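Below is one structure; the comments refer to it alone.
The values are calculated or read from the model by the stated rules, or taken from the named source; none is laboratory data. None of the values given here were measured: they were computed from a predicted structure. Here the Cβ positions follow ideal geometry from the backbone for every residue, glycine too, while neighbour counts run over all protein chains shown.
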Amino acid sequence: MSAPGSLADTHTVRSPGHVEYGTGAVAALESFATDHAADTALLVTDDHLSSSGVIDAPRARLEAAGLDVAVYDGVVPEPKLSMVESAAARIRDAGDVLVVGVGGGSSMDTAKLAATAATADESPRELLGRDNVSGRSVPLALVPTTAGTGSEVTDVGVFADDRDGGAKKVAFSPHLFADLAAVDPDLTKTMPPSVAAATGLDALTHAVESYVSLDRTPYTDTLARRAVELVAENLRPAVAQGEHNDAARARMSLAATLAGQAFINSGLGAVHALTYPLGMECDLGHGLANGVLLPHVMAYNVPAEIERFAGVASLLGAERRPGESTRAFASRSVDAVFDLLSDVDVPTSIAAYGEFDRATFERFADIAFEHSAHNIAANPRRMDRGDVVSVFESAAAGR
Ligand SMILES: [Fe+2]
């Protein structure tokens, strides 16, 4: 095996069946509906999106194709497996049905696993882990209303197991890929600034972690580089101007989708591992937890990938000073992320979310290794339990 990212190796590229991107992309639901023999479409979403009218555009396209539209709007952030069971029961009861997940990562992940569990007539719990899904016959479309998780183009879902103290459980399977991912930036118009910031930082974390992952490839590099650049150029205006800046939101939607395509083919890294315990213990959303931890994990990783992090600094808009060493410039990638966090009103320290001591961080390290060893394995700098504790300590100290 050659160095990570080498063109000397062959690489597999995994992706969903059909991605429709751009303003008006939601219209693709109409042909998706007519192409599948179904009487009913079940929209899987949350109650805010169902009551605020965000689901009206997808609903109209499905009705235009002659389908009855039913809504399951019981999704809550960090989706629970019991909720996936409820959604799967609705799918089974609906007969000839297709499923459309509309929302952020929680709604899309719920739709994926529920459609799959309904096909197998199995509990979603049986499908957790890697490649424990035998197939999916229920057609599945995913429509993001945030710009961040990339769930619309991934074959993975993350769930809280409410029978196991809320522990995060992951399902990986090619059957979790959607038949259609309709990425329409018009649907991100009503995102509150705090959600735009948190989800955008999730996309940035996917892109940076993919770019330095030990399992990166030339293909994922190309996607990840562009995604970093798009977030650097567009997250601030997308958060500050929201519905008044269609171009910035559209580019954030593109960034999120590219970063999703990148990370499912390269793996992630330690940020996503350390996010697990922090999110679980502090009730902190996935994107926000990633954003706060990202610069601290980057600072730890810089010595392992100086050239790559110098590249990240450049993609984030930093300019190399005359005579500045590559090592010094690489560190400025960390400063650039701290600046971005401040500009979108996200804390640069986890101390904003609780009081922590060393014993807590040791417990966090155990959780990270227990639940997310695959992410730590892809991290460019090796990490043991003590290293994880040190990174949490630096995250508590802040910038
Ligand atoms: Fe993520």
Region 186-223: number of residues that are part of a helix (DSSP H, G or I), more than 15 Å from the ligand (Cβ to nearest atom) and acidic (Asp, Glu): 2
Among the candidates Ala227, Ala181, residue that is of a type in the set (A, V, I, L, M), assigned by TED's automatic domain parsing to the domain that holds Ser266 and not in a loop (DSSP other than H, G, I, E, B): Ala227
Go through region 247-281 and give me each residue that's under 15 Å from Met383 (Cβ atoms), of a type in the set (Gly, Ala, Ser) and crowded, with 24+ Cβ neighbours inside 10 Å. Gly269, Ala270, Ala273
Evaluate the following for Arg327: is it surrounded by fewer than 17 Cβ atoms within 10 Å (Cβ to Cβ), among the charged types (D, E, K, R) and part of a loop (DSSP other than H, G, I, E, B)? no
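With the structure loaded, tell me whether Gly279 is within 11 Å of the ligand (Cβ to nearest atom) and modelled with pLDDT under 95 or whether it fails that test.
Numbers: within 11 Å of the ligand (Cβ to nearest atom): yes; modelled with pLDDT under 95: yes.
Here the answer is yes, as Gly279 does meet what is asked.
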When you look at Val138, is it in the same structural domain as Ala60 (by TED's automatic domain parsing) and within 16 Å of the ligand (Cβ to nearest atom), yes or no? no
Here is a check on your reading of the model: is Leu49 touching a Gly at 6+ places or on another chain (Cβ under 8 Å), away from the ligand (no atom under 16 Å from the Cβ) and either assigned to a loop (DSSP other than H, G, I, E, B) or closer than 25 Å to Pro192 by Cβ (or both)? yes
Is there any pair linking a residue in region 149-164 that is closer than 14 Å to Ser123 by Cβ and in contact (Cβ under 8 Å) with a residue 12 or more places away in the chain to one that is within 14 Å of the ligand (Cβ to nearest atom) and of a type in the set (Val, Ile, Thr), with Cβ under 8 Å and at least six apart or on different chains, and which? Phe159/Val170
Against the conditions (1) within 13 Å of the ligand (Cβ to nearest atom); (2) part of a helix (DSSP H, G or I); (3) closer than 26 Å to Asp184 by Cα, where does Ala250 fall short? Just the number, please. (1)
In region 77-105, anything out of contact with any Ser or Thr (no Cβ under 7 Å at 6 or more places or on another chain) and closer than 18 Å to Met191 by Cβ is listed as none
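Residue under question is Val388, and the condition is that it be surrounded by 14 or more Cβ atoms within 10 Å (Cβ to Cβ) and closer than 21 Å to Gly267 by Cβ; does it hold? Spell out how you get there, then give the answer.
On the way: surrounded by 14 or more Cβ atoms within 10 Å (Cβ to Cβ): yes; closer than 21 Å to Gly267 by Cβ: yes.
Yes; evaluated as a whole, the condition is true for this residue.
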(1) more than 16 Å from Ile376 (Cα to Cα); (2) more than 16 Å from the ligand (Cβ to nearest atom); (3) crowded, with 20+ Cβ neighbours inside 10 Å; (4) without any contact (Cβ under 8 Å) to a residue 60 or more places away in the chain: which one isn't true of Asp335, the others all being true? (3)
Which of the residues spanning region 124-141 are closer than 19 Å to Leu81 by Cα and in a strand (DSSP E or B)? Gly129, Arg130, Leu140
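Condition test on Leu42, is it over 21 Å from the mean Cα position of the chain (by Cα) and either in a loop (DSSP other than H, G, I, E, B) or not aliphatic (A, V, I, L, M) (or both)?
On the way: over 21 Å from the mean Cα position of the chain (by Cα): yes; either in a loop (DSSP other than H, G, I, E, B) or not aliphatic (A, V, I, L, M) (or both): no.
No.
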Which of (1) touching a helix residue (DSSP H, G or I) at 6+ places or on another chain (Cβ under 7 Å); (2) within 30 Å of His371 (Cβ to Cβ) is the odd one out, the single condition Pro192 does not satisfy? (1)
